[in-house]
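A short write-up of the structure that comes next.
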Amino acid sequence: VILSRLNSPPVGLGVGMGGKITVCNDSSTHFRIKVSSLGTTGKEPKGWETHIVPGTKRVLQGMSFPVGGLCQYYSESWEDGSELRTTLSMAFFVFPISQELELKAAELKDPYWLRRAEVSHLCGEILPGLRIEDRDAYGITYKGCFVANELVTFLVLHRIAASTKDAVTMCQRLVDHEIFLRVVHDLEFDNRFMFFRLNAEHPMVMAEGSLSSTMETWGDGAQTRFYTHHSLSSSMHRMSKLRHVEGWLEKRVGRVAFWRMRYIRALPHLKEDDITTKFVEFADPVSTDELGSLHSSSIKLVERQGKTPVLKVTPKDDAKSTTSVYYRAANGAICEQWLAALRSFASELSAIDAVKRSALGYVFSPDVARSFAKRLTPVTLKRGQRLHDQARLADACCLLKSGRIRICVR
């Protein structure tokens, strides 16, 4: 069984092809199989190689390659007493394997399974980056399209692809398998402003997830995103969900409160041997130049400013910048989505969050909850300090935000 790890090399943020591979040669043909990485130029490529004689079975322990890294598969076959040798070579992107892999002679001669498994994995990695909308170009409206260079930028920033070239090659694989459909015929996928459509009825697409409409634009049009099927609650699933956390927000800058448009993405951030999350600001969906960032570990409190679609992010006291950051969304629905995403990293709950997570949240309407939260005053108690004495009259409601309180009756 090959498992993905989050503390592995940057490309793909996981490892694959490193588990048990059983090769059964049920033919009269000799096979020599070699798998090697096509990694950084100048470094010795790693991999494994084996010779399998007819009528035998070999159990191989593969190498751990970074998921999404480019590898080379090489097969050489020949009959006993024959000098004629048949060779096969193909490059593929490494994918994780969820179960023990068993190969037979027919699969060694024609590794269609390898390309199919690669494309299936690429669907799960690439399709969440699609932003499908009705787009205008040269006076023509193209229905349900995504932009090629926007997708390439998504793959590179999320470390799904090691480079722009690899990202283009990955997407071209999906074009070759008719998962991506050309809007303009005879055009190859490239890192340019060009339109493609998703073949939502393709079996691999339907097996990986489904499309869902969401109001994530500042205009009146709806945007469609692809959501993968995940049944396990894991760190990989959380990272996959964070890939959807991106879009246009306005950020308040300057003392006179100017609002400037920013395209914000939640990106993986490598810190020593750990991977955290960083909210990075860009000028547009195809830009890779950072205009600012907010690290998830520096978020202390996230609050929505009343009924307005404005979020206030308060940093921790030990953060590099202790100035609160304000973001404004296009509407209340988008504001709530960003509130949920940012709040998951906050070290403290806001007053309204404390009310909603208590039993009062089941009986209070949103307006009553907001009004009640405004009347709350934070109180910090040291160990052993009393909150209230039994003999003293009081008319108060207390919500326990964190810690433990002991109630004694004398």
Check your understanding: On average, how much accessible surface per residue is there in the chain, in Å², for a 1.4 Å probe, leaving out ligands, DNA and RNA?
Key -> 57
Study note, to complete from the structure: At R0 = 60 Å the Cβ-Cβ FRET efficiency linking H229 and A257, nearest 0.05, sits at 0.90
Revision key, fill the gap. Under the 7 Å Cα-to-Cβ spin-label approximation, L211 and Y138 lie apart by a distance in nanometres of 2.4
Exercise for review: For every other residue with a beta carbon closer than 15 angstrom to the beta carbon of G384, add +1 if it is Lys or Arg and -1 if Asp or Glu, then tell me the sum.
Suggested key: +4
Review point. Using r as the Cβ-Cβ distance of V59 and R392, and R0 as 51 Å, what FRET efficiency do you calculate, to the nearest 0.05?
Key: 0.10
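Between rounded, prolate and oblate, where does region 116-218 land on the alpha carbon gyration tensor, with a ≥ b ≥ c its root eigenvalues, rounded for a/c under 1.5, else prolate if a/b exceeds b/c?
rounded
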Exercise for review: Whenever you get a sec, compute what percent of the accessible area on the chain sits on carbon and sulfur atoms (1.4 Å probe).
Suggested key: 50
Practice item. Would you mind calculating the relative contact order of the chain from Cα pairs under 8 angstrom and at least 6 residues apart, reporting the percent as a whole number? Key: 10
Exercise for review: Calculate, for T323 and D176, the FRET efficiency according to 1/(1 + (r/R0)^6) with r their C-beta to C-beta distance and R0 60 Å; round to the nearest 0.05.
Suggested key: 0.75
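Placing +1 at every Lys and Arg Cβ and -1 at every Asp and Glu Cβ, with all other atoms neutral, what dipole size does the chain have around its Cα centre, in debye to the nearest 20? Kindly include the intermediate steps, with their values, before the conclusion.
Working: 55 positive and 45 negative charges, 557 e Å.
Here the size comes out at about 2680 debye.
Residue separation times 0.36 nm, minus the C-alpha to C-alpha distance between K165 and E76: what's the value? Could the numbers behind the result be given before it?
Values: separation 89, 0.36 × 89 = 32.04 nm, distance 2.87 nm.
Extra length available between K165 and E76 comes to 29.2 nm.
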Study note, to complete from the structure: Under a Gaussian network model of the chain whose springs join Cα atoms within less than 10 Å, the largest fluctuation of A105, A359, A148 belongs to A359
Practice item. Pull out a ≥ b ≥ c, the square roots of the eigenvalues of the alpha-carbon gyration tensor of region 322-410, then state rounded if a/c is under 1.5, prolate if not and a/b is larger than b/c, and oblate in the remaining case. Key: prolate
Revision key, fill the gap. Highest mean packing first, using Cβ neighbours within 10 angstrom, the peptides 338-348, 372-382 sort as 338-348, 372-382
**Study point:** Mean ellipticity per residue at 222 nm, deg cm²/dmol - from DSSP H runs of n ≥ 4 across the chain, formula -39500 (n - 2.57)
**Key:** -6000 deg cm²/dmol
Review point. Which one of G361, V409, T377 has its Cα pushed farthest toward the positive end of the charge dipole of region 348-410, where Lys and Arg give +1 and Asp and Glu give -1 at the Cβ?
Key: V409
Check your understanding: Just T224, T50, T314 to compare: in a GNM of the chain, with alpha carbon springs under 10 Å, which one fluctuates most?
Key -> T50
Check your understanding: What pairs from K278/K356; K34/K57; K278/K300; K251/K312; K278/K307 go past 22 Å between their alpha carbons?
Key -> K278/K356; K278/K307
Study note, to complete from the structure: Given (1) 215; (2) 125; (3) 134 as possible values of volume of the Cα convex hull per residue in Å³, the one from the coordinates is (1)
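The values are calculated or read from the model by the stated rules, or taken from the named source; none is laboratory data. Remember, predicted model here, so these are calculated numbers, not experimental data. Virtual Cβ from ideal backbone geometry, glycine too; neighbours counted across all protein chains shown. Note: accessible area is taken over every heavy atom of the protein model, side chains too, but ligands, DNA and RNA are not part of it. Shrake-Rupley method; radii C 1.70, N 1.55, O 1.52, S 1.80 Å.
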